[in-house]
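Below you will find the structure I want to go over with you.
Every read-out reported here was derived from the displayed coordinates using simple, explicitly stated rules and does not represent laboratory data. Quick caveat, the model's predicted, so the values are computed rather than measured. Virtual Cβ from ideal backbone geometry, glycine too; neighbours counted across all protein chains shown.
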Amino acid sequence: METTTTEERDATNDQPAEGAFRLHGYFGRLVERCGDLPPLRVAVVYPVDPPALLGAVDAFRAGIVRPLLVGPARRMAEAAKAAGVDIDGFAVVEAPDEASAAAAGVEAVREGQVDLLMKGSLHTSTFLHAVVERGSGLRGPRRASHVFVFDVPAYDRPLLVTDAVVNVAPGLAEKADICRNAVDLAHVLGIELPKVAVLSAIEVVDPAIPSTLEAAAVAKMADRGEIEGALVDGPLALDDAISPAAVATKHITSTVGGKADILLVPNLEAGNILYKSLTHLARADVAGIVLGTRVPLVLTSRADTVQSRVGSAALATIWSARPGADSRP
């Protein structure tokens with residue numbers, strides 16, 4: 001892997017810049033929490049458009065990360081010029097295309113050069129293939145899964161949604177790991193006993209709707225201690241999970257209903273629709289990371305905002321600083 005580093009920034013530019021990008025609300029508090037943590041070394045894979053590059057630059061300015069840019073140097077320089085930012089002080093690994101950039105990012109983790117990976121402008125499938133293929137060294141003992149964290153204006157607490165990105169149609173065993181990953185992140189975010197709603201279309205078990213059977217099974221696994229550290233109930237419809245009024249109207253008895261911290265969706269399609277509904281219709285702020293791998297992955301969409309990318313970097317930093325980080329998935 002060929003690595004080139006340009007001149008170090010001067011003492012002024014190596015600090016968070018005056019007027020640097022700042023988040024507000026819940027994610028602003030997460031960024032502030034990163035102030036007491038050392039910046040992580042992050043390989044930003046294929047950041048060849050302005051939003052992808054700005055996410056890395058602004059996370060750097062906020063003191064969260066130290067970027068290593070992996071991709072075609074010429075295109076990254078053009079993106080920086082279009083974005084109006086200076087990347088002359090960042091290390092660069094030359095990689096001509098998406099696949100080679102993803103492989104080089106994984107190699108940087110394997111060689112101990114970086115602490116996490118951030119997806120840039122490449123396709124999610126290309127990025128994940130390099131991470132999860134055998135021999136990558138990044139696979140963990142659990143199923144890898146993505147967790148979104150939302151700051152929804154109409155909801156009184158942070159809301160975690162999983163998995164809307166990685167696992168297309170998870171079975172029961174995969175859903176149990178998806179649940180465990182989200183519960184672990186909730187603990188790190190300060191939610192001591194998160195309430196997990198395992199979602200389906202209805203709140204009763206119906207063999208005609210397979211997701212209700214799996215939801216009930218996940219809840220029973222939690223009852224028996226196979227999923228620890230959370231209250232888990234399902235199946236629950238979305239309104240049952242987040243609306244106390246719906247719970248009262250339907251006479252639902254649930255330790256989770258109406259006040260869920262985590263929504264475990266039945267499949268990627270449902271999760272993707274929910275994610276885009278919350279961001280575009282409810283105007284929710286959102287960040288997200290992939291867990292279950294040896295290092296966290298900042299896996300944002302190519303269309304995500306700079307705010308989302310910076311918030312996601314903050315999540316990854318806080319996750320990486322948790323107690324026992326070296327021994328847990």
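What is the distance in Å between the Cα centres of the stretch 71-86 and the stretch 257-284?
The distance from the Cα centre of the stretch 71-86 to that of the stretch 257-284 comes to 34 Å.
Just to confirm the filter: which GluC sites (Glu not before Pro) across the stretch 140-205 are DSSP coil and have at most 13 other Cβ within 10 angstrom of their Cβ?
Sites meeting the loop and neighbour criteria: GLU192.
Additional query: Which whole number in µm²/s is D for the stretch 145-280 by Stokes-Einstein, with the Kirkwood Rh taken over Cα pairs at 10 °C and 1.306 mPa s?
110
Something else: Does the stretch 213-278 come out rounded, prolate or oblate, given a ≥ b ≥ c as the square roots of the eigenvalues of its C-alpha gyration tensor, rounded meaning a/c under 1.5 and, failing that, prolate meaning a/b above b/c?
Details: a/c = 1.90, a/b = 1.11, b/c = 1.71.
Oblate, since a/c reaches 1.5 and b/c is not below a/b.
Counting other C-beta atoms within 10 Å, which of THR317, THR126, THR212 has the fewest, and how do the rest follow?
Numbers: THR317 28, THR126 17, THR212 23.
So the ranking, lowest neighbour count to highest, is THR126, THR212, THR317.
Rounded to the nearest 5, what is the percent of antiparallel bridges among the DSSP beta bridges in the chain?
For the chain, the DSSP antiparallel bridge percentage is about 35.
Once you've got the Cα coordinates, tell me which of LYS195/LYS250; LYS81/LYS276; LYS119/LYS175; LYS175/LYS259 are over 28 Å apart.
LYS81/LYS276, as the Cα separations exceed 28 Å there.
Translational D (Stokes-Einstein, µm²/s) of the chain at 25 °C and 0.890 mPa s when Rh comes from the Kirkwood sum over C-alpha pairs?
The calculation lands on 122 µm²/s.
Let me ask something else about it. Using a 10 angstrom cutoff on alpha carbons, build the Gaussian network for the chain and name the most mobile of ARG157, ARG294, ARG134.
ARG134
From Cα pairs below 8 angstrom and at least 6 apart in sequence, can you work out the relative contact order of the chain, rounded to a whole percent?
20
Check LEU160: other-chain or 5+ apart residues with amide H under 5 Å from its amide H, H built from backbone geometry?
PHE150, ILE262, LEU263
Given the C-alpha centroids of the stretch 145-184 and the stretch 203-220, what is the distance between them in whole angstrom?
Computed from Cα coordinates, the inter-centre distance equals 17 Å.
Here's another thing I want to ask about it. Write down Rg/Rh for the stretch 73-200, rounded to two decimals, with Rg from the C-alpha atoms and Rh from the Kirkwood relation over Cα pairs.
On the Cα set of the stretch 73-200, Rg over Rh gives 1.03.
Would you mind ranking CYS179, CYS34 by Cβ crowding within 10 Å, fewest neighbours first?
Values: CYS179 27, CYS34 22.
Ordered by Cβ neighbours within 10 Å, fewest first: CYS34, CYS179.
What fraction of the DSSP beta bridges in the stretch 145-280 is antiparallel, stated in percent and rounded to the nearest 5?
Percentage antiparallel, nearest 5: 25.
With the convex hull built on the Cα atoms of the stretch 32-79, state its orientation-averaged projected area in nm².
Projected over every direction and averaged, the Cα hull of the stretch 32-79 covers 3.1 nm².
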